[in-house]
Amino acid sequence: MAETTADVRRDIEQTRERMSTTLTELEQRLNVMQVVRDHPWPVLALAFGAGLALSASGSDTKAAVATLAATKGSRSKIGGALDEIVANLMTGVHGALQDRIDGWVGELKSAIGAPHGGASTSRRPNMVATSGGYGTGPTSDVSSMQPGRAD
């Protein structure tokens, strides 16, 4: 029990060095890329053998058949559900963008002192394509919003 603190610190440092060396050796042994670089031919032979064993078992064909059987008929159900989700999402995004734009227009009108207009039943004017761009008008057909198209 006559060990001094210097002896204990030296022992701890030696233990740390041994652990560090051991960890470095383990990392080198478990580094797959280094093993492949050091021994490419045995690794290639091992991969080839594993491929032959898997192909001979027929498990890839069995898995493909099982996947096809499991997903049969679900394609139309999933497609319809995804279409509905996307449509709802786009409707929500469109509404949010329209609200944001309406707010900006209101702020701009306030900034320049323009009248805001009375309360209307529609949140936005209907757009009609004219030869010079878009104008307001009696239709709300989205297909009529193509430049250069006059309905």
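The values are calculated or read from the model by the stated rules, or taken from the named source; none is laboratory data. Every value quoted in this text rests on a predicted model; they were computed, and no experiment measured them. Cβ: placed from backbone, ideal geometry, glycine included. Neighbour counts: every protein chain shown.
Does region 3-19 contain at least one residue that is at pLDDT below 85, within 36 Å of the chain's Cα centre (by Cα) and of a type in the set (D, E, K, R)?
Scanning region 3-19, I find no residue that is at pLDDT below 85, within 36 Å of the chain's Cα centre (by Cα) and of a type in the set (D, E, K, R), so the answer is no.
Hey, among the residues in region 21-40 that are surrounded by 11 or more Cβ atoms within 10 Å (Cβ to Cβ) and of a type in the set (S, T, N, Q), which one's nearest to the chain's Cα centre (by Cα)?
Step one: list which residues in region 21-40 are surrounded by 11 or more Cβ atoms within 10 Å (Cβ to Cβ), which gives 28, 31, 34-36, 38-39.
Within this subset, residues satisfying the condition of being of a type in the set (S, T, N, Q) are 28, 31, 34.
Working: Gln28: 35, Asn31: 30, Gln34: 32 Å.
So the residue we want is Asn31.
Looking for whichever is touching a strand residue (DSSP E or B) at 6+ places or on another chain (Cβ under 8 Å) and either assigned to a helix (DSSP H, G or I) or at pLDDT below 85 (or both) here; the options are Ser55, Ser120, Ser140, Ser76. Which one fits? First the steps, then the outcome.
Numbers: Ser55 fails: touching a strand residue (DSSP E or B) at 6+ places or on another chain (Cβ under 8 Å); Ser120 fails: touching a strand residue (DSSP E or B) at 6+ places or on another chain (Cβ under 8 Å); Ser76 fails: touching a strand residue (DSSP E or B) at 6+ places or on another chain (Cβ under 8 Å).
Residue meeting the stated conditions: Ser140.
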